[in-house]
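One structure below.
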Amino acid sequence: MSKRVLIVGAGYAGIEAALYLNRKARREDLDICLVDKNPYHTLLTELHEVAANRQDEESVRIPLREIFRDTKVRWTTDEIVSFDFDHNRAVGQREIYDYDYCIIAIGSSPAFYGINGLKEHAFTLWSFDDAVKIREHIRDCFMKARTEKDPEERKRLLTFVVGGAGFTGVEMVGELAIWVKSLCRENNIDRKDVRLVLLDLLDRVLPVLDQKNSAKSHRYMTKRLGIEIMLETNIQEMKADEVLTSRGLIGTRTMIWCAGVCCNEDASDVSISRVGGARRFAVNEYCQTEKTNVYAIGDCGALADENGRPYAAMVENAIQSGEGAAANILRDIHGEEPKKVEVKFHGTMVCIGNYFAVSEIMGKRLPSWLSVIMKIMINAHYLFEIMGLRGPARYLKSELVDRKQEKRFLARHYSPKMQAWWVMPLRMFLGAYWLYEGIVKATQGWFANPKLAEFLGMARNYELSADAVSSASAGGLRLDDIIRINIKLFDFRIGEATQMLDGTAVGTDIFTRLDLLRFGNFSLVPWIIEGWALHSQGWEMFFQIAITLAEIIVGLMLIGGAFTFVAGIGSFALLAMFTTSTGLYMHSWWMIFASIVCMGGAGRAFGMDNYLIPWYTRVWESWYKNRKLKLFFPRKRR
Ligand SMILES: Cc1cc2nc3c(=O)[nH]c(=O)nc-3n(C[C@H](O)[C@H](O)[C@H](O)COP(=O)(O)OP(=O)(O)OC[C@H]3O[C@@H](n4cnc5c(N)ncnc54)[C@H](O)[C@@H]3O)c2cc1C
């Protein structure tokens, strides 16, 4: 009989556990059911980007339908309200779920430490809805401030306080400082009238990082972004229009609380022992709670290191504990001993706006630009793991192209988009050109007789020296340099080819040629031509048939718009081959640029890529998640 595994929570931990079970347990009869109160997975680490209007809200929520399509994970939207561990049941608002193994992955919620009024009046940044609420509220404050007559109320509307200078608070206030610039412009408000305050009880910002990174971030926030940082400041009380701190009152309509974390409050009734101030579920080194078939992972589980300290509530802990718990369930099913789950943290990264970041990766401090790139790569990698190729594509588009704030020179130029159908005629023309070239070669006998030596005539005239020029002056092809850049390994030239007849020029054309990897008398392309392509008739036939076929195939792919990216690369490669061998005449130079254009999704409009790319992505993703090749999929999706 199949074993039922119930996973509660589709956060970083729950998704990792579900995908791991799906991948590893393909031969077992497992029923994997994942329940979440939302039909989507929230990228919590990016919430500040939505709250401060850098990204569209859709960028941080990934539909579970997209993550689990073509897997055997059944997912459902329901809120679990209680567990009946004696009868192996979880009770949801809509259904009751029976299980043999249960993984609790319900994450954490903000802790308010009993501060009066904080829960009632502060905003939290803990969910998709929170982020949207903050964004709308800030926009609203600026709109009200624009017409507010009372100077005190205007001040309160334009004062934004963020509580907690850990990575969440710092990223939030940093992002807000950038949005404020455009909000001020849009609402005709002087930036000097806006106050941004970051409060913390500790004596430095970002205590998870070393002193230098902490000081660097502090400087950037105060000097470049105009944020007031109040350290060693205790929040004592919060009201609707003011916050009382150990350093006095701050009049504000906005307090964003990013300071405390505790086990998800939804779990307050769960009868499993808790540990620490964060009240996370007690688990052993296998992520098992005291109910041996119930595991707690991610932020809500108190998995501890060898010193007994619970791992930090961070993504790396969630992912690794998710995988560890799932692996231990499989071991239990197989009657094997469980394995200790150890979490390895590789580093921490904090981005303050688009262009500044601090990080420590494997104990090394990285420069700001590299930290920004690392953050993008890590997010893209995570999304690749859960969504396949669509994940990074979607993320990079929203992060680099669609972002709304701080588009500097380069971003302004690379982000405008063009409809793919505009390039359809160019794609077709390029395709037709290649097809024509291929057909001409075929009709000239390239499939039947050796032709390559004759075709490569110019390629074999390697040295375009004065001697070569004068010797060709009476008859044949005379080659003169116009521009030549010769830097050892690389010899690029634009020249004039003149057809000579009895000492008279009968026609000229401009060409370009590139010699690569030259060492003394050795040059790569001539070596390939002499040593391989023209070494014997058999090789000559092989190369010329390959070239002709490549031209025909690239042509057909471009005309049909099928895998146009690959066809664009193919077209570019053929041109590169001609440029480095025969040289490329000026009338063909346009093909280089057309090939580049075709790589940018030209087959999506009036081309087969419209169907092929989603199909291919699905085949690949299904293989990646199930390790099983599947070519056909049901039409109807959930
Ligand atoms: C704003 C913010 C920024 C952060 N930045 C970073 C960062 O830069 N780096 C880093 O490493 N960590 C960061 N973290 C922490 C990181 O996001 C968490 O450690 C991680 O999300 C924990 O994953 P999880 O799966 O345990 O919980 P979550 O990701 O919180 O997922 C819990 C899931 O359980 C569901 N759920 C909850 N209750 C129920 C219920 N009763 N029934 C059904 N479903 C339920 C929720 O809907 C949610 O989908 C940040 C957190 C926040 C809030």
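The values are calculated or read from the model by the stated rules, or taken from the named source; none is laboratory data. Keep in mind it's a predicted model, so treat the numbers as computed, not measured. Cβ sites come from the backbone with ideal geometry, for glycine too, and all protein chains shown count toward neighbours. In case anyone asks, the SASA skips ligands and DNA or RNA and just uses the protein heavy atoms, side chains included. Shrake-Rupley method; radii C 1.70, N 1.55, O 1.52, S 1.80 Å.
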Inset, instruction - State whether the residues of the stretch 256-263 include one that is within 27 Å of V341 (Cα to Cα) and open to solvent by less than 20 Å² (accessible area, probe 1.4 Å). - result: yes
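Being out of contact with any Pro (no Cβ under 6 Å at 6 or more places or on another chain) and either among the polar types (S, T, N, Q) or without any contact (Cβ under 8 Å) to a residue 24 or more places away in the chain (or both) narrows it down to one of T77, T71, so name that one. Even if it seems obvious, please write down each step before you answer.
Numbers: T77 fails: out of contact with any Pro (no Cβ under 6 Å at 6 or more places or on another chain).
T71 is the lone residue from the list that is out of contact with any Pro (no Cβ under 6 Å at 6 or more places or on another chain) and either among the polar types (S, T, N, Q) or without any contact (Cβ under 8 Å) to a residue 24 or more places away in the chain (or both).
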Inset, instruction - Please go through the stretch 191-212 and pick out each residue that is touching a residue at least 60 places away in the same chain (Cβ under 8 Å) and either surrounded by 22 or more Cβ atoms within 10 Å (Cβ to Cβ) or not assigned by TED's automatic domain parsing to the domain that holds F160 (or both). - result: L206, L209
Inset, instruction - Determine which single condition D86 fails, assuming it passes every other condition in (1) without any contact (Cβ under 8 Å) to a residue 12 or more places away in the chain; (2) more than 12 Å from the ligand (Cβ to nearest atom); (3) touching an Asp or Glu at 6+ places or on another chain (Cβ under 8 Å). - result: (3)
Legend entry - Single residue of the stretch 11-36 satisfying the filter (of a type in the set (D, E, K, R) and near the ligand (Cβ under 10 Å from one of its atoms)) that is surrounded by the fewest Cβ atoms within 10 Å (Cβ to Cβ): D36
Inset, instruction - Scan the stretch 303-317 and report the pairs whose first residue is closer than 18 Å to A13 by Cα and whose second residue is near the ligand (Cβ under 6 Å from one of its atoms) and open to solvent by 50 Å² or more (accessible area, probe 1.4 Å), with Cβ atoms within less than 7 Å and a gap of 6+ or a chain change. - result: V315/T45
Inset, instruction - Restricting attention to the stretch 525-549, report how many residues are surrounded by 15 or more Cβ atoms within 10 Å (Cβ to Cβ) and among the polar types (S, T, N, Q). - result: 2
Inset, instruction - Determine if the stretch 65-73 includes at least one residue that is open to solvent by less than 30 Å² (accessible area, probe 1.4 Å), within 13 Å of the ligand (Cβ to nearest atom) and either assigned to a helix (DSSP H, G or I) or within 30 Å of I376 (Cβ to Cβ) (or both). - result: yes
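So, V81, is that one modelled with pLDDT under 95 and either within 13 Å of the ligand (Cβ to nearest atom) or aromatic (F, W, Y) (or both) or not? Steps first, please.
Working: modelled with pLDDT under 95: yes; either within 13 Å of the ligand (Cβ to nearest atom) or aromatic (F, W, Y) (or both): yes.
So V81 passes the test.
Restricting the search to the stretch 158-168, which residues are in a loop (DSSP other than H, G, I, E, B) and either open to solvent by 10 Å² or more (accessible area, probe 1.4 Å) or not assigned by TED's automatic domain parsing to the domain that holds L199 (or both)? Even if it seems obvious, please write down each step before you answer.
Pass one, the stretch 158-168, residues in a loop (DSSP other than H, G, I, E, B): 158, 164-166.
Within the stretch 158-168, G166 is the sole residue that qualifies.
Picking from V423, V372, which residue would you name as being β-branched (V, I, T) and in contact with a helix residue (DSSP H, G or I) (Cβ under 6 Å, 6 or more places away or on another chain)?
Numbers: V372 fails: in contact with a helix residue (DSSP H, G or I) (Cβ under 6 Å, 6 or more places away or on another chain).
After ruling out the rest, the residue left standing is V423.
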Inset, instruction - Could you grab me the full set of residues in the stretch 275-301 that are surrounded by 24 or more Cβ atoms within 10 Å (Cβ to Cβ) and not β-branched (V, I, T)? - result: R280, F281, C287, Y295, A296, G298, D299, C300, G301
Legend entry - First in the stretch 599-623 and without any contact (Cβ under 8 Å) to a residue 60 or more places away in the chain, second anywhere and of a type outside the set (V, I, T) and part of a helix (DSSP H, G or I), Cβ under 6 Å, 6 or more apart: M599/F565; M599/G568; M608/G560; D609/G603; N610/R604
Legend entry - Which numbered condition I15 misses (of (1) within 18 Å of the chain's Cα centre (by Cα); (2) of a type in the set (V, I, T); (3) in a strand (DSSP E or B)): (3)
Legend entry - Subset of the stretch 132-157 (residues that are more than 29 Å from the chain's Cα centre (by Cα), open to solvent by 80 Å² or more (accessible area, probe 1.4 Å) and either within 11 Å of the ligand (Cβ to nearest atom) or within 18 Å of T252 (Cβ to Cβ) (or both)): M143, K144, R146, P151, E152, K155
Inset, instruction - May I ask you to verify whether I62 is surrounded by 17 or more Cβ atoms within 10 Å (Cβ to Cβ), assigned by TED's automatic domain parsing to the domain that holds G301 and under 28 Å from the mean Cα position of the chain (by Cα)? - result: no
Inset, instruction - Just give me the residues in the stretch 88-131 being closer than 24 Å to L19 by Cβ, open to solvent by 30 Å² or more (accessible area, probe 1.4 Å) and of a type in the set (S, T, N, Q), in sequence order. - result: N88, S127
Inset, instruction - Name the residue, out of R408, R365, R331, that is assigned by TED's automatic domain parsing to the domain that holds A17, surrounded by fewer than 18 Cβ atoms within 10 Å (Cβ to Cβ), away from the ligand (no atom under 16 Å from the Cβ) and of a type in the set (D, E, K, R). - result: R331
Inset, instruction - Give me a count of the residues in the stretch 571-607 that are farther than 26 Å from R484 by Cβ, open to solvent by 20 Å² or more (accessible area, probe 1.4 Å) and more than 26 Å from the chain's Cα centre (by Cα). - result: 1
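Can you find, within the stretch 37-58, the residue that is surrounded by the fewest Cβ atoms within 10 Å (Cβ to Cβ) among those that are assigned to a helix (DSSP H, G or I) and within 11 Å of the ligand (Cβ to nearest atom)? Even if it seems obvious, please write down each step before you answer.
Within the stretch 37-58, the first condition is being assigned to a helix (DSSP H, G or I), and the residues that meet it are 44-51, 57-58.
If we keep only those that are within 11 Å of the ligand (Cβ to nearest atom) as well, we get 44-51.
Numbers: L44: 22, T45: 20, E46: 22, L47: 26, H48: 28, E49: 27, V50: 25, A51: 28.
Out of the qualifying residues, it is T45.
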Inset, instruction - Inspect the stretch 217-238 for any residue being in contact (Cβ under 8 Å) with a residue 60 or more places away in the chain and among the charged types (D, E, K, R) and give the result as yes or no. - result: yes
